[in-house]
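What follows draws every value from the coordinates through simple rules; no lab data is involved. Given the structure is predicted, the values throughout are model-derived calculations rather than measurements. Cβ sites come from the backbone with ideal geometry, for glycine too, and all protein chains shown count toward neighbours.
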Amino acid sequence: MKFGIVQFPGSNCDRDCYHVASRVLDQDAEFIWHRDRDLDDVDVVVLPGGFSYGDYLRTGAIAKLSPVMQEVADFAESGGPVVGICNGFQVLLETGLLPGGMLRNESLHFICRDVHLRCNRSGSAFSQTLDVGEVLEMPIAHAEGNYTIDEAGLAELRDHDQIVFQYCDADGGVGRSSNPNGSVENIAGICNRRGNVVGMMPHPERASESILGGTDGRALFESALEYAAG
Amino acid sequence: MTTVRVLIQSKAGVLDPEGEAVKGGIERLGHEGVERVGVGKVVDIDFETDDTDEIESRVEQICDEFLVNPIIERYSYEILDNQ
């Protein structure tokens, strides 16, 4: 299996994702430059975290016009797994591959700390091997992770089981006190209806080896592999 | 040449934490009775043409497809007098 990690100017978690794919999971991996128009037969597309185009205009807004994004949209349309982490999630929202928008954290602070996540949907490209109700721990590191969507959109997310991850406490309880950034319904990650496009604010690539303090994130990359294998 | 000034602001009801923070600053400066502060963006675009109809249609396309995220933002624009 081959992971393709898209690099925008300002991406800064691209090498972490490459490391997890190639060294931790022992899979093929390659970088895809944002100006490329060819995904080179990758099996999984990763949009990594960072500050694409300096976060100018809105987070992810300028990246959506990168030439490679048309290829990514076509890949997603054909059912291929596309996962966006942090800024990658913001890019997916701006391109319209996922619904909703992102606001500044309610506290106005950049938040960098470990959080707990509850898996709310199994079987997506980033939760293929997870069980509903499973609690994971991994870091967030963002200033704009306050996910928002209107009531009708939220109802659609619920109706089609698109809320993949919610911020929770260590026991899996989802509530105001476990919401780090003000995100509606504690949403940390969502998918499209088909489940092949997933975006999430937390960083599984930073929690895939015990030497880094946790291995819960590894299951998400393994999920992408299994999903791609069908 | 014609300059268009686009004003982008948070939609009503959407959290504007930057506006809230600025409101706090205004209050600490000693001003009472400030109900709300909204912080937005200003984007100036210089077009080569002076054809107003063409400019309006292009500005709206640029805003709808790129400059403005209709989920969280609203916009208005004005054609500036370049004299």
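Only counting other Cβ atoms within 10 Å, I'd like A:SER210, A:SER107, A:SER178 sorted with the fewest neighbours first.
Numbers: A:SER210 9, A:SER107 13, A:SER178 19.
By the 10 Å Cβ count, ascending, the order reads A:SER210, A:SER107, A:SER178.
Relative to the longest principal axis of the Cα atoms of chain B, the long axis of helix B:52-62 makes an angle of roughly 50 degrees. For chain A, the relative contact order is 21 percent, taking Cα pairs closer than 8 Å that sit 6 or more residues apart in sequence and dividing their mean separation by the residue count.
In region A:2-229, the convex hull through the Cα atoms has an average projected area of 10.8 nm², a quarter of its surface area. Net charge in the neighbourhood of B:LEU7 (other residues with Cβ under 10 Å of its Cβ; Lys, Arg +1, Asp, Glu -1) is +2.
Positive contributions from Lys and Arg (+1) and negative ones from Asp and Glu (-1), summed over other residues with Cβ under 15 Å from the Cβ of A:GLU151, come out at -2.
What shape does region A:101-184 take by its C-alpha gyration tensor, where a ≥ b ≥ c are the square roots of the eigenvalues and a/c under 1.5 counts as rounded, a/b above b/c as prolate, and the rest as oblate?
Note, shape of region A:101-184 comes out oblate.
Based on Cα coordinates alone, diagonalise the gyration tensor for region B:2-79, multiply each eigenvalue by 5, take square roots, and list the semi-axes in whole Å, largest first. Provide the component values of the computation, followed by the final result.
Values: eigenvalues 193, 40, 13 Å².
They are 31, 14, 8 Å, listed largest first.
Compared with the rule-of-thumb size 2.2 N^0.38 Å for a compact globular protein, region A:4-70 has a Cα radius of gyration ratio of 1.10. In region A:25-112, Cα pairs under 8 Å separated by at least six residues give a relative contact order of 31 percent.
How much mean residue ellipticity at 222 nm does chain A get from its helices, if each DSSP H run of length 4 or more adds -39500 (n - 2.57) and you divide by all residues, to the nearest 500 deg cm²/dmol? Before the final figure, lay out each step's value.
Working: 5 runs with 47 residues, N = 230.
That comes out to -6000 deg cm²/dmol.
Residues whose amide H falls under 5 Å from that of A:ILE32, counting only those 5 or more places apart or on a different chain, are A:ILE5, A:VAL6, A:GLN7, with hydrogens built in the peptide plane.
For chain A, what is the percent of antiparallel DSSP beta bridges, rounded to the nearest 5? The partial results should precede the final answer.
Values: 23 of 39 bridges.
Bridges in chain A are about 60 percent antiparallel.
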